[in-house]
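The values are calculated or read from the model by the stated rules, or taken from the named source; none is laboratory data. This one's a predicted model, so the numbers in the text were calculated from it and none came from an experiment. Don't worry about glycine lacking a Cβ; one is built from the backbone with ideal geometry, like all the others, and counts go over all protein chains shown.
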Amino acid sequence: MTSLLARTVALVAAAVLVSPSAALAKTELQWWHAMTAVLGERVNDIATKFNASQNDYEVKAVYKGSYPDTLNAAIAAYRAKQPPHIVQVYEVGTQTMLSSGAVYPVFQLVKDHGVTIDWNDVIASVKSYYSQGGNLYSMAFNSSTPILFYNKDLFKKAGLADKAPATWDEVEAAAKKLVASGAKCGFSAAWPSWTLVENMHALHDQPFADHANGFDGLATTLKINGPFGVKMMELLQRGAKEGWFTYNGRLNKAEANMGNGECGVFLSSSAYIGNLTRASEGKFTWATGPLPRLAGYPQGSSIIGGATLWVLKGAKPEEYKGVAQFFKYLASTENQAWWAGVTGYLPISNSAVKAMDAAGHFTKHPEQRTAIRQMQAGKVTPNSQGIRLGNFPSVRDAIEEQMENIFSGKKTAKQGLDDAAAKSTDILKEFAALYK
Amino acid sequence: MKRSVFPNRWLPYLLVAPQVLITVVFFFWPAFDSLRLSLYRASPFGDRLIYVGLTNFERLFRDDAYLRSALTSFVFSFVVTFVGLALALLLASLANAKIRGLAIYRSLLLWPYGIAPAIAGIIWLFVFHPSYGILPWLLSFATTYQFNWFLKGWVAMSLLIVAAIWKQFGYNLAFYLAGLQALETSVLEAASVDGAGPIRRFFAIVFPLLSPVTFFLFTLNMTFSFFDTFGLVHAVTQGGPGDATSIMVYRAWKDGFEGLQLGYSAAQSVVLMALVIALTAVQFRFAEKKVTY
């Protein structure tokens with residue numbers, strides 16, 4: 001009945017104001033994040049180890065809920081002039097952060113405090129996504145990219161070769177055989193807009209939005225309703241109708257179906273590896289492969305998802321000095337290799353990839369090599385360096401809404417994508433009007 | 001009404017002060033803030049605040065999706081309220097009978113109210129889930145129709161309605177039971193003697209006598225299904241498929257919290273606020289006349 005937002009802002013502000021700011025010998029650094037379960041424990045490990053490694057700073061890792069919740073908490077705190085030093089923001093919030101004027105760019109922070117991090121070592125796709133003018137604005141942390149998963153047991157039952165389908169034709173053929181052999185779901189995908197629209201455009205070097213996907217200026221129009229996008233959606237619409245593609249909901253809801261062994265072929269984030277390992281234990285075996293391609297289109301690259309760490313303005317110089325030290329610690333090859341190894345996220349530096357390779361990590365975990373290979377094989381072009389849109393969460397929502405209308409046969413692929421593009425234009429123009 | 005007399009002139013004001021303070025801080029202040037914000041295009045971090053007059057409202061009302069969302073909200077709220085109250089009254093009448101183990105039935109029937117809407121949604125999600133839900137499994141023996149609420153709007157809507165009714169059920173039941181037990185038995189006995197059957201007795205005597213309870217529950221359920229069902233939608237359908245279950249309060253939240261379009265979201269909460277004020281006023285103005293206390 002009342003404005004939820006205003007109430008939350010007031011409550012958070014109150015909570016921040018009353019929290020004790022004890023004058024400890026160590027300078028406290030607030031790190032707000034959105035990592036749950038195993039990932040949350042690993043984040044705490046990082047903080048604990050860093051705190052033990054030196055005597056000047058104490059990093060406090062605080063879980064603030066989902067990605068949107070964490071961002072909202074940081075916004076409320078920033079407005080109340082009590083911002084956390086570091087906040088983890090998901091990739092779709094990138095443009096919001098860049099435009100906000102509330103950010104202390106990471107490359108600048110590190111330079112200002114005499115710390116050296118070899119930014120050239122950061123893998124290209126991650127660096128391009130979060131950089132402006134060649135400089136990294138946020139600290140690369142947890143990046144993933146979508147890959148293909150397949151259920152080996154279901155493949156065997158369907159008489160299919162133990163090999164990941166590499167093209168959409170192969171996905172269709174495999175999925176049909178899977179369904180014919182009794183599988184409940186031949187093909188499915190989590191994060192529908194990210195895996196099936198955003199990444200498919202980037203992978204085939206097709207534009208997603210104008211102004212080079214928002215990298216050359218604020219984007220105002222989506223290009224997803226072009227011939228490529230329509231072809232992709234028509235394929236999936238046909239799949240849904242013929243029964244070899246099962247739509248299993250937004251966000252990562254579809255992972256439940258892959259995890260209980262129903263789906264033969266599946267697209268999701270490479271960071272799903274950890275959870276799938278646990279879900280499938282003792283039940284079925286699986287393997288990974290690169291994203292399937294459509295024949296006849298140029299080579300692009302898959303794009304990343306996940307989140308980065310942003311530093312907010314409004315803290316004291318000695319605190320920023322601590323943040324710079326912490327980032328140096330985080331960026332070390334050893335820590336990067338460890339983090340990627342225990343989570344399934346991409347190692348964000350080339351030296352970490354090498355270190356993991358040298359330690360034989362990928363021989364033991366071949367499923368973790370797929371995402372890295374896919375990124376390395378990709379060609380970074382204006383269409384595949386990433387997507388940067390204002391109000392991106394609303395745009396993604398508009399796309400997924402229409403994907404559902406397309407898959408259910410309520411609208412044709414062209415009509416649905418046109419409607420999604422029209423609504424997105426409306427949303428993007430609002431953002432552009434804010435920062436004109 | 002009896003007029004109370006306090007020895008001290010200031011004491012009554014002091015006694016109501018906490019309530020007034022809470023209302024001002026948690027209701028009037030945020031409501032006023034939303035009202036103000038709805039006239040602006042505001043950036044999330046507060047660095048830009050551009051006065052745009054009624055632009056946000058214009059954008060809202062020229063969007064077909066918003067009008068659809070309003071319709072969805074009304075359909076949802078009315079169905080939840082009517083079906084919910086009818087069921088609660090029916091079961092309350094049955095639970096009011098003198099049967100063995102009554103206390104146990106009553107307690108069990110009250111249980112669901114202790115559950116948060118989001119949890120209620122998840123419970124029903126398990127029942128309805130296309131791949132591991134028991135309902136689609138049972139229905140698969142009777143029909144080949146796919147009850148997949150990820151793609152079929154009406155199935156998603158039914159799921160939410162069932163969950164909302166179930167969640168609110170214990171509360172409605174408690175009030176109806178109390179209402180039934182407070183009825184004068186002599187009136188009912190007199191009617192029985194005159195030869196009125198149980199159904200006749202119910203419609204001619206019980207239902208009219210329960211009208212204050214019904215009126216109270218109606219208002220309460222309407223507001224519940226308009227506003228408190230946010231968690232339910234958020235946990236189960238996220239407004240989909242398409243925008244089939246995108247009720248107004250969910251849209252306002254999504255555009256504000258996920259989309260960070262603050263002014264636009266504020267405009268939506270202002271519309272909601274106006275709606276609920278209007279709804280309550282209408283209910284008090286018209287429905288109350290038909291209520292016998």
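Out of the residues in region A:406-433 that are in contact (Cβ under 8 Å) with a residue 12 or more places away in the chain, surrounded by fewer than 24 Cβ atoms within 10 Å (Cβ to Cβ) and at the interface with another protein chain (Cβ under 7 Å from one of its Cβ atoms), which is nearest to A:G134 (Cα to Cα)?
Selected residue: A:E430.
Looking at region A:236-265, which of the residues that are free of Cβ contacts under 8 Å to residues at least 60 places away in the same chain and outside any helix (DSSP H, G or I) is farthest from A:L178 (Cα to Cα)?
The selected residue is A:G249.
Taking the conditions exactly as written (more than 22 Å from A:Q415 (Cα to Cα), of a type in the set (K, R), away from chain B (no Cβ under 14 Å) and surrounded by fewer than 20 Cβ atoms within 10 Å (Cβ to Cβ)), does A:K223 satisfy them or not?
No, not satisfied.
With B:A163, B:A191 as the choices, which residue is free of Cβ contacts under 8 Å to residues at least 60 places away in the same chain and either away from chain A (no Cβ under 14 Å) or surrounded by fewer than 17 Cβ atoms within 10 Å (Cβ to Cβ) (or both)?
When all the criteria are applied, what remains is B:A191.
Return the pair list, or none, for Cβ contacts closer than 8 Å from residues in region A:301-320 that are without any contact (Cβ under 8 Å) to a residue 40 or more places away in the chain and outside any loop (DSSP other than H, G, I, E, B) to residues that are of a type in the set (S, T, N, Q) and surrounded by fewer than 19 Cβ atoms within 10 Å (Cβ to Cβ), at least 6 apart or on different chains.
Nothing qualifies.
Based on what the data block shows, is B:P18 free of Cβ contacts under 8 Å to residues at least 12 places away in the same chain, surrounded by 12 or more Cβ atoms within 10 Å (Cβ to Cβ) and not in a loop (DSSP other than H, G, I, E, B)?
No; evaluated as a whole, the condition is false for this residue.
Report yes if B:W149 is within 14 Å of chain A (Cβ to nearest Cβ), in contact (Cβ under 8 Å) with a residue 60 or more places away in the chain and either in contact with a strand residue (DSSP E or B) (Cβ under 9 Å, 6 or more places away or on another chain) or surrounded by fewer than 17 Cβ atoms within 10 Å (Cβ to Cβ) (or both), otherwise no.
no
Consider A:S99 against the criteria (1) away from chain B (no Cβ under 14 Å); (2) polar (S, T, N, Q); (3) touching a residue at least 40 places away in the same chain (Cβ under 8 Å): it satisfies all of them except one. Which criterion is unmet?
Tallying (1) away from chain B (no Cβ under 14 Å); (2) polar (S, T, N, Q); (3) touching a residue at least 40 places away in the same chain (Cβ under 8 Å), A:S99 fails exactly one: (1).
Give, as residue ranges, the helices (runs of 4 or more DSSP H) completely inside region A:93-132 that count at least 1 residues that are aliphatic (A, V, I, L, M) and more than 21 Å from the chain's Cα centre (by Cα).
A:106-112
Report, by residue number, each residue of region A:359-379 that is aliphatic (A, V, I, L, M) and part of a helix (DSSP H, G or I).
Matches in region A:359-379: A:A371, A:I372, A:M375, A:A377.
Return the only residue of B:V213, B:V249 being free of Cβ contacts under 8 Å to residues at least 40 places away in the same chain and in a helix (DSSP H, G or I).
On inspection, the qualifying residue turns out to be B:V213.
Restricting region B:172-188 to residues that are under 30 Å from the mean Cα position of the chain (by Cα) and not in a helix (DSSP H, G or I), which is nearest to B:Y113 (Cα to Cα)?
B:A182
Filter region B:132-151 down to residues that are modelled with pLDDT under 80, closer than 23 Å to A:K410 by Cβ and within 30 Å of the chain's Cα centre (by Cα), then give me how many there are.
2
Regarding region A:380-390, can at least one residue be identified that is buried (at least 22 other Cβ atoms within 10 Å of the Cβ), within 14 Å of another protein chain (Cβ to nearest Cβ), part of a loop (DSSP other than H, G, I, E, B) and in contact (Cβ under 8 Å) with a residue 24 or more places away in the chain?
Checked against the condition, which is being buried (at least 22 other Cβ atoms within 10 Å of the Cβ), within 14 Å of another protein chain (Cβ to nearest Cβ), part of a loop (DSSP other than H, G, I, E, B) and in contact (Cβ under 8 Å) with a residue 24 or more places away in the chain, region A:380-390 yields at least one hit.
Output the residue which, of all residues in region A:66-82 that are over 17 Å from A:F392 (Cβ atoms) and in contact with a Ser or Thr (Cβ under 9 Å, 6 or more places away or on another chain), is nearest to the other protein chains (Cβ to nearest Cβ).
Applying the filter and picking the extreme gives A:Y78.
Of the residues that make up region A:207-221, is at least one touching a residue at least 60 places away in the same chain (Cβ under 8 Å) and under 24 Å from B:F126 (Cβ atoms)?
Scanning region A:207-221 turns up no residue that is touching a residue at least 60 places away in the same chain (Cβ under 8 Å) and under 24 Å from B:F126 (Cβ atoms).
Exactly one condition in (1) within 11 Å of another protein chain (Cβ to nearest Cβ); (2) touching a residue at least 12 places away in the same chain (Cβ under 8 Å); (3) charged (D, E, K, R); (4) surrounded by fewer than 23 Cβ atoms within 10 Å (Cβ to Cβ) is not met by A:R396; state its number.
Status for A:R396: all satisfied but (4).
Of the residues A:V115, A:V110, A:V179, which single one is in contact (Cβ under 8 Å) with a residue 40 or more places away in the chain and not assigned by TED's automatic domain parsing to the domain that holds A:Y67?
A:V179 is the lone residue from the list that is in contact (Cβ under 8 Å) with a residue 40 or more places away in the chain and not assigned by TED's automatic domain parsing to the domain that holds A:Y67.
Got a number for residues in region A:211-234 being of a type in the set (A, V, I, L, M, F, W, C) and assigned to a loop (DSSP other than H, G, I, E, B)?
4
In the list A:L71, A:L39, which residue meets the criterion of being aliphatic (A, V, I, L, M), farther than 23 Å from A:V380 by Cα and crowded, with 22+ Cβ neighbours inside 10 Å?
Exactly one residue qualifies, and that residue is A:L71.
Tell me the residue from B:P44, B:P112, B:P117, B:P30 that is buried (at least 16 other Cβ atoms within 10 Å of the Cβ), touching an Asp or Glu at 6+ places or on another chain (Cβ under 7 Å) and not β-branched (V, I, T), please.
Just a single option satisfies the conditions, and that option is B:P117.
How many of the residues making up region A:348-371 are at pLDDT 90 or above and within 13 Å of A:I304 (Cβ to Cβ)?
1
Find all pairs meeting these conditions: Cβ atoms under 8 angstrom apart; at least six residues apart or on different chains; first residue within region B:88-113 and of a type in the set (A, V, I, L, M, F, W, C); second residue part of a loop (DSSP other than H, G, I, E, B).
B:L89/B:L210
Would you check if A:Y129 is in contact (Cβ under 8 Å) with a residue 40 or more places away in the chain, surrounded by fewer than 19 Cβ atoms within 10 Å (Cβ to Cβ) and touching a strand residue (DSSP E or B) at 6+ places or on another chain (Cβ under 9 Å)?
Here the answer is no, as A:Y129 does not meet what is asked.
For B:L260, are the conditions met, namely being more than 10 Å from chain A (Cβ to nearest Cβ) and either farther than 30 Å from B:P130 by Cβ or among the β-branched types (V, I, T) (or both)?
No, not satisfied.
Every residue in region B:8-57 that is of a type in the set (K, R) and either over 20 Å from B:K254 (Cα atoms) or at pLDDT below 90 (or both), please.
Once the filter is applied, which keeps residues that are of a type in the set (K, R) and either over 20 Å from B:K254 (Cα atoms) or at pLDDT below 90 (or both), region B:8-57 yields B:R9, B:R48.
Among the numbered criteria (1) in contact with a Lys or Arg (Cβ under 8 Å, 6 or more places away or on another chain); (2) surrounded by fewer than 17 Cβ atoms within 10 Å (Cβ to Cβ); (3) in a loop (DSSP other than H, G, I, E, B), which single criterion is violated by A:A295?
Against the list (1) in contact with a Lys or Arg (Cβ under 8 Å, 6 or more places away or on another chain); (2) surrounded by fewer than 17 Cβ atoms within 10 Å (Cβ to Cβ); (3) in a loop (DSSP other than H, G, I, E, B), A:A295 comes up short only on (1).
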